[in-house]
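Q: The structure that follows is given in the form of C-alpha cells.
The values are calculated or read from the model by the stated rules, or taken from the named source; none is laboratory data. Just so it is clear, the structure is predicted and the values come from calculations on it, not from any experiment. Neighbour counts are summed over all protein chains in view; Cβ atoms, including those assigned to glycine, are modelled from backbone coordinates with ideal geometry. Please note that ligands, DNA and RNA were not included when accessible areas were found on the heavy atoms of the full protein model with its side chains. Shrake-Rupley method; radii C 1.70, N 1.55, O 1.52, S 1.80 Å.
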Amino acid sequence: MPAKPRVFVSRRIPQVGLDLIAPICEAEVWPDLLPPPGDTLRNKIRDCVGLISLLTDRIDGPLLDAAPNLKVVSNFAVGFNNIDLVAATKRGIRVGNTPGVLTDATADIAITLMLAATRRLGESTQDAREGRWLTWDPLGWLGQDLANKTVGVVGMGRIGSNFARKLHHGWGMRVLYSDVHPNVIAESELGAKRVDLDTLLRESDFVSVHVDLNPQTKGLFGKDQFAKMKPTAVFINTARGPIVDQIALANALRSRTIFAAGLDVTDPEPLPKDHELLHMPNCIVAPHIASATVHTRNEMARICAENLIAGLTGKPMPACVNPEVEKS
Ligand code: DGY
C-alpha cells in the first residue's frame, strides 16, 4: 500500500477537520497552544506535501524552500497576509483560505465591540467589579446612542456588508462606505452610499474597518484620519492590527479626539500587558476572537481540510487564493 501523503497541521484545530484528513493523509499535529517556532516549522514541513497553517505562522520564500515537496498550504483563516503569496505561486504551491463561513461571526464581533465601546461597557463593568459602583448615578458612564446614526464601513466586502446590513435593519443606521469597488447590492438593499474616506470619516458616527491587510491598507488609519472623525465617533477594527497606527489611535483616545474604540486585532498580538490601549477606559480590546464560535471554527476546519485534500489530489480547491497555480 503506498504511503499516505505527509502533512503538518501547525496547531490543534477542530476535530471535524482532522477527521476529514485522517483517512487520506499522515498528519502530524503541533500539540502546543503557542505556534511552532520558525525553525521547528521548517523542520516539520521538510518532507511534507501539505501544510495547514494559522495566521500566526509566517509562510515565506525561505520557509517554502525548505519543503521541496510542498504542494498546498491551507490557511485556517480567511485572511492570508501571513503567507507570501507571490513566493508560494512562484513555487507552484496552491494556497487555500476559509471565506464565507466566518462572515456572520466576524460582523457580530464588530457589532459587539461597537456596542460595548459606545455604551462604555468595559469601563463600567470593571468599575462594578472593583467597587467603584457607589450608587445609581445620573451622570455616570454616559455613552452615545446608536439608533438612526451613520455608520461608515471601510471595505464593503462580505463581512463589511453583513455588518452594515445588521446595523441598517437593526438600528436604522444610514450606511456610508469606502471601497475600491462599488457594492451594488449594498447600495440597492441598504441605500449604502460610496464616498471617499475623508467624507466617511467626517460624517460617520461609527467607523468600522473591514479591509484586508496589504501594502495599500497598512497604516491606513493614522493621526490625520482620527483628526477628521467626530469627537463622538467610535472606531472599530476587526480586520488586521497593522491597518491602524496604534500610537495615533492611543493619542486620539487619550485626547478625546474620538470617543472610543473597540479592537479585535492589534499589532502585535497579543499586546504587551502594559500596552496603553489595554488600559484606556475608552478602549476595549478582545483577543482576536471574531471567528471564535463553535460552529464557525468547525466550518473553518472543514473548509481547510477540504482545501488540503483537493490540493493534494489535484482537484479544484473550494477556496484557492492563487487559482493561477491550479490552472497551470
Ligand atoms: C481570519 O480568518 O482571517 C480571522 O482573522 C481569524 O479567524
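Q: Scan the stretch 24-48 for residues that are in a helix (DSSP H, G or I), open to solvent by 70 Å² or more (accessible area, probe 1.4 Å) and basic (Lys, Arg) and jot them down.
A: Correct list: Arg42 only.
Q: Could you look through the stretch 275-313, keep only residues that are within 16 Å of Ile236 (Cα to Cα) and more than 16 Å from the ligand (Cβ to nearest atom), and pick out the one that is nearest to the chain's Cα centre (by Cα)?
A: Ile284
Q: Further question on the same structure: In the list Ala186, Ala164, Ala147, which residue meets the criterion of being hydrophobic (A, V, I, L, M, F, W, C) and open to solvent by 30 Å² or more (accessible area, probe 1.4 Å)?
A: Ala147
Q: Here is a follow-up. Would you be able to tell me the number of residues in the stretch 108-121 that are assigned to a helix (DSSP H, G or I), of a type outside the set (Val, Ile, Thr) and open to solvent by 30 Å² or more (accessible area, probe 1.4 Å)?
A: Selection size over the stretch 108-121: 3.
Q: Can you give me the number of residues within the stretch 68-107 that are touching a strand residue (DSSP E or B) at 6+ places or on another chain (Cβ under 7 Å), more than 14 Å from the ligand (Cβ to nearest atom) and assigned to a loop (DSSP other than H, G, I, E, B)?
A: Residues in the stretch 68-107 being touching a strand residue (DSSP E or B) at 6+ places or on another chain (Cβ under 7 Å), more than 14 Å from the ligand (Cβ to nearest atom) and assigned to a loop (DSSP other than H, G, I, E, B): 4 in total.
Q: Moving on. When Ser74 is evaluated against the numbered criteria (1) farther than 25 Å from Asn298 by Cα; (2) open to solvent by less than 10 Å² (accessible area, probe 1.4 Å), which criterion, by number, is the only one it fails?
A: The number of the failed condition is (1).
Q: Residue under question is Val153, and the condition is that it be open to solvent by 30 Å² or more (accessible area, probe 1.4 Å), away from the ligand (no atom under 16 Å from the Cβ) and under 24 Å from the mean Cα position of the chain (by Cα); does it hold?
A: No.
Q: Quick test for you: out of Ile52, Ile21, Ile59, pick the one residue that is farther than 17 Å from Ile309 by Cβ, open to solvent by less than 10 Å² (accessible area, probe 1.4 Å), β-branched (Val, Ile, Thr) and in contact with a strand residue (DSSP E or B) (Cβ under 9 Å, 6 or more places away or on another chain).
A: Ile59
Q: Just need a number here: residues in the stretch 230-245 that are more than 16 Å from the ligand (Cβ to nearest atom) and open to solvent by 10 Å² or more (accessible area, probe 1.4 Å).
A: 4
Q: Could you check the stretch 147-167 and list, in sequence order, the residues that are assigned to a loop (DSSP other than H, G, I, E, B) and either in contact (Cβ under 8 Å) with a residue 40 or more places away in the chain or among the aromatic types (Phe, Trp, Tyr) (or both)?
A: Lys149, Gly155, Met156, Gly157, listed by residue number.
Q: Of (1) under 20 Å from Arg302 (Cα atoms); (2) under 22 Å from the mean Cα position of the chain (by Cα); (3) in a helix (DSSP H, G or I); (4) away from the ligand (no atom under 16 Å from the Cβ), Leu51 satisfies all except one. Which?
A: (3)
Q: A further question follows. Out of the residues in the stretch 246-268 meeting the condition of being open to solvent by 10 Å² or more (accessible area, probe 1.4 Å) and touching a Leu at 6+ places or on another chain (Cβ under 9 Å), tell me which one is nearest to the ligand (Cβ to nearest atom).
A: For the stretch 246-268, the residue satisfying everything is Thr266.
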